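The values are calculated or read from the model by the stated rules, or taken from the named source; none is laboratory data. Predicted, not measured: the structure shown is a model, and the values here were computed from it. Methodologically, a virtual Cβ is constructed for each residue, glycine included, from the backbone with ideal geometry; neighbour enumeration extends over all protein chains shown. Each accessible area value is taken on the protein alone, full model and side chains, heavy atoms only, with ligands, DNA and RNA left out. Shrake-Rupley method; radii C 1.70, N 1.55, O 1.52, S 1.80 Å.
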Amino acid sequence: MAGSFSDKRDAFRQRHAWLLLPVIFAICFIVPNSTGATNLYRLLVVIPMLLCFRLEDLRDIWTNPAARWFLLLSAWMLLTLFWDGWGGKDLKLVWRLLNVLSLFYLVFLVSRHHP
């Protein structure tokens, strides 16, 4: 076999994740409406970031006070969304939060692995 998933994931995290930043900016100009841009963003950025995530990274992120406060405030927002039940608008906000967290993680990876 050409390599395990873990090897491919690490290679992407360390060498190629920074390529997603120009993709984010290109999405703004390629797609004519916000729904298409959001779906393209989820396909090209959110899914790769979910596949690249490792629990060891959470420990590294948690050591940064600004990142820790950002994650705590994001968790608080998520908790308050579901305080009175689950609704369609809540799901949209959860998707938006996932979009923001994946961008946060992408910037973390780029700042950590790309000089």
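Determine, for each peptide in 71-84, 7-20, the mean count of other beta carbons within 10 angstrom over its residues, then list the peptides with the highest first.
7-20, 71-84
In whole percent, how big is the carbon plus sulfur part of the accessible area of the stretch 1-79, probe 1.4 Å, protein atoms only?
71
Which three extents, in angstrom, do the Cα atoms of the stretch 9-105 have along their principal axes, listed largest first?
For the stretch 9-105, the Cα extents along the three principal axes come out at 40, 37, 21 Å.
Can you tell me how the stretch 65-114 classifies by the Cα gyration tensor, rounded, prolate or oblate, using a/c under 1.5 as the rounded cut?
Oblate, since a/c reaches 1.5 and b/c is not below a/b.
Taking the solvent-accessible surface of protein heavy atoms with a 1.4 Å probe, what is the per residue accessible area of the chain in Å²?
70
Within the stretch 84-115, report the chymotrypsin sites (Phe, Trp or Tyr not before Pro) that DSSP leaves as loop and that have at most 11 other Cβ atoms within 10 Å.
Filter output for the stretch 84-115: W86.
For the stretch 55-67, what does the Karplus curve 6.51 cos²θ - 1.76 cosθ + 1.60, with θ = phi - 60°, yield as ³J(HN,Hα) per residue in whole Hz, taken in order and with x for Gly and Pro?
Using θ = phi - 60°, the values come out as 5, 4, 5, 4, 5, 5, 5, 5, 6, 8, x, 5, 5 Hz.
Using +1 at the C-beta of Lys and Arg and -1 at the C-beta of Asp and Glu, which of I30, S102, L51 has the Cα lying farthest in the positive direction of the dipole of the chain?
The residue sitting most towards the positive pole is I30.
Using a Gaussian network model on the chain with a 10 Å cutoff between Cα atoms, which of V46, V94, V31 fluctuates the most?
Checking each option, the largest mean-square fluctuation is seen for V31.
Test of understanding: what is the full-extension gain from L51 to W18, defined as 0.36 nm times their sequence separation minus their Cα-Cα distance?
Details: separation 33, 0.36 × 33 = 11.88 nm, distance 1.51 nm.
The L51-W18 span can extend by a further 10.4 nm.
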